[in-house]
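This report refers to the structure that appears directly beneath it.
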């Protein structure tokens, strides 16, 4: 195929997501066939060609164009636009569209569980913010999906914290430590929680991943819904802190209030 005939196909490769399959042409000994090929030494095998966009079968040049016979002749007349029946046949080409994917289809693609910690580590004070911090990263997984070899991309889109006392909260991020935020200890953060009573509370987090799929064309197709991954096992011991104004410490006066 001549270079000037490859350019529109290359442009289509970068633009769309469908896959076109050229139908095989009958062999001709006299080399009169000039469909996809412009030279007799190149054969049309009829194999699938991933060109990434829906294009029509080119028609003959209009009158007055500078065109020489044998340069590019369509294998069959272009079908009218209303004759294109997706995803079967359009303008002499077989059009195959990658399937729509939902989060339920990605059961075999599981992102890594997030990490979970807090500060003070494993402790909290009644009425004061306990800072909880989770971490998750963007991930890429490969494998078969609905008969295709694909790459799946997971991007953290939300963090749902369960603080163990019946309270939950959703954050766009996993939070950060007080020091990295430039805040004093026991000050509120986007992911902190203040407990009302003493006790041991099991804390967990669920990360909502936004997924997208690449069917091999380099184009990412978003997936409907979220894929989630959860982590637990972080317990917070909440205690009470009492203060009293005294004139001596407990070492100096062991019988003082609170000693």
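Descriptive notes on the structure:
- Residue 118 being in the same structural domain as residue 218 (by TED's automatic domain parsing) and assigned to a loop (DSSP other than H, G, I, E, B): no
- Residue 194 fulfils the conditions (1) closer than 29 Å to residue 139 by Cβ; (2) surrounded by 16 or more Cβ atoms within 10 Å (Cβ to Cβ); (3) modelled with pLDDT of 95 or more except for a single criterion, (1).
- Selection status of residue 184, in contact with a helix residue (DSSP H, G or I) (Cβ under 8 Å, 6 or more places away or on another chain) and farther than 30 Å from residue 97 by Cβ: yes
- Subset tally (residues that are part of a strand (DSSP E or B) and out of contact with any strand residue (DSSP E or B) (no Cβ under 6 Å at 6 or more places or on another chain)) for region 134-148: 4
- Test: residue 146 is at pLDDT below 95 and in the same structural domain as residue 234 (by TED's automatic domain parsing): yes
- In the set 164, 174, only one residue is surrounded by 13 or more Cβ atoms within 10 Å (Cβ to Cβ) and under 25 Å from residue 241 (Cα atoms); that residue is 164.
The values are calculated or read from the model by the stated rules, or taken from the named source; none is laboratory data. All of these numbers come straight from a predicted model, not from anything done at the bench. Backbone-built Cβ (ideal geometry, glycine too); neighbour counts: all protein chains shown.
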